[in-house]
Each structure stands twice: as C-alpha cells, then as structure tokens.
Amino acid sequence: ITVLQIVKESQQQHGLRHGDFQRYRGYCSRRLRRLRKTLNFKMGNRHKFTGKKVTEEILSDNRYLLLILMDAERAWSYAMQLKQEANTEPRKRFHLLSRLRKAVKHAEELERLCESNRVDAKTKLEAQAYMAYLTGMLRFEHQEWKAAMEAFNKCKTIYEKLANAFTEEQAVLYNQRVEEISPNIRYCAYNIGDQSAMNELMQMRLRSGGTEGLLAEKLEALITQTRAKQAATMSEVEWRGRTVPVKIDKVRIFLLGLADNEAAIAQAENEETKERLFESLLSECRDAIQAVREDLKPDQKQREHSLENDSGKVSNIQYLHSYLTYIKLSTAIKRNESMAKSLQKALLQQQRSEEDGKRTPRPQDLIRLYDIILQNLVELTQLPGLEEDKNFQKEIGLKTLVYKAYRCFFIAQSYVLVKKWSEALVLYERVLKYAREVQSGAGAYTNSLKELPDVQDLITQVNAEKYSLQAAAILDANDTHETESPSQVKDGKPLSERFETFCLDPSLVSKQVSLVHFPPGFQPIPCKPLFFDLALNHVAFPPLEDKVEQKAKSGLTGYIKGIFGFKS
C-alpha cells in the first residue's frame with residue numbers, strides 16, 4: 001500500500017482541509033468498522049470483547065495493513081484535536097500525549113508487519129517513514145529536541161529517497177511532506193543550541209506568510225521571546241525630528257520586527273503570500289496601538305488637570321500613538337496599492353481571460369481600492385501632533401493628487417466601456433490636470449514620491465487613450481448613421497401602417513411577424529348626449545287647493561270621536 005498517499009487523500013477529503021480533526025477522527029472510526037466487517041475481523045460481539053491481532057500469517061489481503069494504519073490515524077487525529085482544545089484547557093495536554101503514544105504504538109506495529117516478505121520494498125520504506133514521523137511528533141511534544149530531530153531527519157531522508165526514485169508526479173507528495181517537517185527540524189536544532197536556525201525559522205515563517213503548521217504556536221512564542229530580549233535594549237524611537245521614549249514592551253517588539261516584516265513583503269514570491277504578510281503586519285500593528293491607547297487614557301486625564309505652557313505640543317504617548325497609526329495607515333495604503341497593481345495586470349490580460357471563461361476584473365474594482373486609499377490619506381492629515389508640520393501636509397497632498405489622478409483615470413475607463421465618450425474625455429483632461437500639479441509641486445519631495453506610481457507613465461497612457469477614444473467616438477457615430485438609414489431601420493410599426501415606406505425587415509419571414517396591432521387599440525368615439533331641462537324652472541303650476549280635501553278640525557271633540565271609532 002502507498003501509506004502517505006492514502007493518509008493525505010483521506011485527510012484532505014474528510015476535514016483536514018479546514019482543520020477539522022474531529023470530523024477526520026469520525027471518518028477513521030467508520031472506516032475501521034467497515035474494514036472489520038468486510039474482513040470478518042470483529043473484536044467479539046456486543047456482549048463480550050475479544051481482542052484480535054493482525055499477524056503475518058493473515059497478510060494475504062493488504063486491507064489488514066489498512067486496519068493498523070487507520071488505528072494510528074484515529075489516535076493521531078484525536079491528539080491534534082486535543083492540542084487545539086488545550087489552548088483553553090491545559091489539562092487536556094495529558095490526554096494529548098496519551099493519544100500520541102497510542103498512535104506511535106500502532107505505527108510500530110505497522111512497521112513490524114511490513115517487514116514480512118509479502119510486503120514490497122516501497123511499502124516498507126513508507127511504513128518506516130510514517131513511524132519516524134509520529135515518533136518525532138511525540139518527542140517534539142515532550143520537548144525532547146535531540147530525539148525529535150533524529151526522528152524527523154530519518155523521516156526526511158526516507159521521503160527524499162522515495163522522491164528521487166519515482167516520477168515527478170509521484171514525488172510531489174513526498175516533497176510536500178519534506179517541506180512540512182523542515183521547520184520542525186530547524187526548531188529542534190535551535191533548542192539544542194544552533195543559533196543560526198533562528199534566522200532560517202524566521203525566513204520560513206515569512207515565506208509562508210502566516211503561522212500555519214505543527215509548530216505555529218511554539219514558533220510565534222519563540223520569535224516573540226527573541227524580540228523581547230532585543231527590546232530590553234530599545235528605549236526610544238525617532239520620527240520626523242522628534243525622539244519619543246517607548247516604555248510598552250508590546251510596542252517595542254512590534255517596532256523591532258517592523259523592518260523584517262517589510263523586507264519579507266518586498267521579497268514575497270506571489271500576491272497571495274504578500275497579502276497574508278500584509279494582514280499579519282496590520283494585525284500586530286493594531287495590537288500595539290491598542291496597548292498604547294490603554295496608556296493614553298490616563299495620560300489625557302492628567303493633561304486636562306495640569307497647566308502646560310506649551311499647550312500646542314502633544315504628549316510623548318500621544319505622539320507615539322500617532323506614529324503607530326501612521327504605520328498602520330501607510331501599510332494599508334501599500335496593501336491596497338499592491339492589490340491595484342495585480343488588478344491592473346489582470347485588466348491587461350482581459351481578452352485571454354474572457355476566452356478562458358473566467359470572471360474578468362473591471363475598472364470599478366480599482367475605483368473602490370483608490371477610494372479607500374484616499375480615505376486613509378485624509379486620516380493621515382488629521383493625526384495629532386502633525387497639524388503644524390507643513391512638509392508632512394504638503395507630502396500627503398501630493399500623494400493625494402497622485403491617487404486622485406489614478407482614480408479619475410479608471411472612472412474614465414468605466415465610462416469608455418459604456419460608450420460615454422464625452423464624459424470619459426472630460427475625465428481624461430482631469431487626470432492630466434492632477435498629473436501636471438504633481439509634477440509642478442514635486443521638486444523637493446521626489447524621494448518621498450519614489451514609491452508611488454509614476455505620473456509620467458500615466459500622462460503617456462492618457463494621451464494614447466484620448467486619441468483612441470476620439471477615434472472610437474467617430475466610428476461609433478458613423479455606425480449610428482448607417483444603422484439609422486431608412487432602408488434598414490425598423491421603427492416598430494406593423495406592416496399595415498407602413499405600406500408607403502420601404503424597409504428591410506427580416507422579421508417578416510419569421511414566426512413573430514408584425515402585420516397589424518392585435519388586439520386593436522382603443523379609439524375615441526362620441527359619448528351619449530346629456531339633456532338639461534332649463535324651462536322647468538320657469539313653469540308655474542295651476543292652483544290645486546279646491547281639489548285637495550280639507551283636513552278635519554282637531555280638538556277635544558275630535559279626540560273623543562277618534563277613541564270610540566266615530567268618523568266624520
């Protein structure tokens with residue numbers, strides 16, 4: 001059997017792609033049950049447990065080796081699940097070590113069974129490498145660095161030999177495993193006493209762009225501890241001509257690692273790694289700002305109750321807060337600018353992407369990024385302690401003009417896509433206006449504008465786009481005139497209403513031909529006349545008093561007659 005391939009495929013398909021070790025453990029249990037049922041290798045019945053062991057005599061089927069492998073994987077996945085839970089519940093670390101020992105025990109049994117003559121040489125080597133890998137992990141958790149490094153080196157050597165013995169497609173899996181255990185080997189070497197391993201660990205962490213892997217927590221703690229030792233000698237920082245004391249340890253550690261993080265971002269191999277490094281740096285910067293903000297609250301209360309002669313000068317802790325906020329906003333601007341550059345490259349390859357059927361980026365995506373950059377620049381101008389710094393304000397103003405020019409350029413590009421030529425032309429002129437303002441005012445600030453996009457390239461591109469736009473507008477106007485010729489225009493009228501006009505209408509020979517309006521439309525008709533009798537108001541009727549019967553006189557007599565029924 002191919003141990004590593006089976007393990008990796010099972011892990012990727014059943015939870016470990018998302019770090020769900022509990023789901024993978026459940027899968028191992030179900031697969032063990034299915035294998036025992038298929039092989040009729042049951043451990044007794046529901047009333048009594050009867051233990052059975054896999055021996056060399058029954059190795060006629062390789063699924064017996066899968067039984068041992070799944071047992072080891074189940075114990076290992078449970079140990080990794082407990083490792084995640086041990087961050088909040090330290091007592092679970094004892095259970096973690098117990099499960100790892102169980103996994104090593106099953107791996108030893110697998111290695112012993114693979115020594116049989118019925119097993120091929122490749123499976124024997126893979127079983128030995130698997131055994132060495134689990135042993136190294138157990139020793140690593142026990143902090144037995146020398147034994148762990150020996151086990152990991154043995155595992156690495158076997159996988160390297162297997163990778164060289166097979167084709168490139170089969171060697172990919174072995175090389176991936178070698179890359180996984182290399183940081184563990186360097187970490188063990190550092191703990192043994194190899195100081196050069198620290199730099200290699202830092203480079204591995206920065207290249208990976210994050211804190212993923214087996215020794216993530218230990219590596220982060222080690223880096224923090226190393227920086228903390230260096231931070232003990234750091235007492236102040238200088239920014240824009242002012243020296244500020246740094247008393248917060250978290251801020252010292254962040255400022256010491258700032259240069260390394262920026263260098264790693266500059267050396268990143270791809271955009272995905274660069275994005276992870278940016279996010280990691282921004283996260284560390286937010287934590288440092290939060291630590292300063294907690295100390296800033298009592299400082300502000302103290303300033304409110306104290307009288308200072310120089311009321312316009314901010315305190316040291318406030319100036320340090322402004323410096324860290326400047327780093328955060330500047331990093332966010334660099335990240336968005338990096339994303340904008342990658343989107344611009346994708347826009348240049350738009351035609352090929354459309355052929356591949358993938359979603360292509362649009363100028364609107366870039367507009368949003370430049371909006372965020374401009375918002376960050378506005379926040380930079382409002383930092384406390386820098387309101388009176390004219391050079392800083394001028395520098396931010398020039399950067400704002402540069403990004404406004406690029407934002408305006410991509411707004412014009414979006415108008416070109418919907419054939420709004422006049423609006424796009426006006427926006428191109430606005431881009432040139434911003435670019436010329438930058439060139440005229442960038443005399444003393446050339447060094448600070450080096451990292452920004454070159455406005456001269458933008459001017460060249462805008463001039464080319466203007467000529468292309470004018471040509472496209474002329475061609476579009478000609479096409480409009482051609483399509484509106486009376487011989488080809490269909491005005492929507494049915495055939496019965498345009499007998500006098502010749503028109504090429506392909507719909508006349510289709511199934512949806514328009515001959516007449518049906519149902520016919522409503523037409524106005526005269527309504528029924530209304531008659532008003534005006535003479536009735538002037539007619540005098542004849543008197544009718546003589547024909548109306550006089551009403552009987554009422555009184556006591558009439559009342560009595562009415563009671564007894566006498567009528568007149």
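The values are calculated or read from the model by the stated rules, or taken from the named source; none is laboratory data. It should be emphasised that the depicted structure is a prediction, and the values quoted were computed from it without experimental measurement. Every residue, glycine as well, gets a Cβ built from its backbone with ideal geometry; the counts of neighbours run over all protein chains shown. All accessible areas refer to the heavy atoms of the entire protein, side chains included, with ligands and DNA or RNA removed. Shrake-Rupley method; radii C 1.70, N 1.55, O 1.52, S 1.80 Å.
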Residue span K37 to D260: 0.36 nm per residue of separation minus Cα-Cα distance leaves a gain in nm of 74.6 nm
Taking S440, S98, S10 and ranking on accessible area (1.4 Å, protein atoms only), highest first, one gets S440, S98, S10
A 1.4 Å probe over the protein heavy atoms gives the range 383-475 a carbon and sulfur accessible-area percentage of 53 percent
Counting only protein heavy atoms and rolling a 1.4 Å probe, one gets per residue an accessible area for the range 9-52 in Å² of 75 Å²
With x for Gly and Pro, the residue-by-residue ³J(HN,Hα) of the range 11-26, computed from phi through the Karplus equation 6.51 cos²θ - 1.76 cosθ + 1.60 at θ = phi - 60° and given in whole Hz, is 5, 5, 8, 9, x, 6, 4, 10, x, 9, 6, 5, 5, 5, 5, x
The ³J(HN,Hα) series, computed from each phi in the range 137-151 with the Karplus coefficients 6.51, -1.76 and 1.60 at θ = phi - 60°, rounded to the nearest Hz and given as x for glycine or proline, is 5, 5, 5, 5, 5, 7, 6, 8, 5, 5, 5, 5, 5, 5, 5
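Within the range 38-130, report the GluC sites (Glu not before Pro) that DSSP leaves as loop and that have at most 16 other Cβ atoms within 10 Å.
Details: sites: E56, E57, E73, E85, E108, E109, E111, E115, E126; in loops: E115.
Passing sites in the range 38-130 are E115.
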Residues of the range 389-416 with backbone N under 19 Å of the label point set 7 Å from the Cα of D365 along Cα→Cβ are 406-416
Diffing the range 372-381: the Karplus 3J(HN,Hα) column from phi (6.51, -1.76, 1.60, θ = phi - 60°), in whole Hz with x for Gly and Pro, holds 5, 4, 5, 5, 5, 5, 4, 5, 5, 5
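Go ahead and run the numbers for FRET between E451 and R101, Cβ-Cβ distance against an R0 of 51 Å, rounding to 0.05. Present the calculation step by step, with values, prior to reporting the outcome.
On the way: r = 54 Å, r/R0 = 1.06.
In this case the efficiency is close to 0.40.
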Between the modelled labels at E89 and T501 (7 Å from Cα along Cα→Cβ) the distance in nm is 8.2 nm
Once amide hydrogens are built 1.01 Å from N within the peptide plane, the residues lying 5 or more places from V237 or on another chain with amide H under 5 Å from its amide H are V244, V246
Taking a ≥ b ≥ c as the square roots of the eigenvalues of the Cα gyration tensor, with a/c under 1.5 meaning rounded and otherwise prolate when a/b exceeds b/c and oblate if not, the range 383-475 is prolate
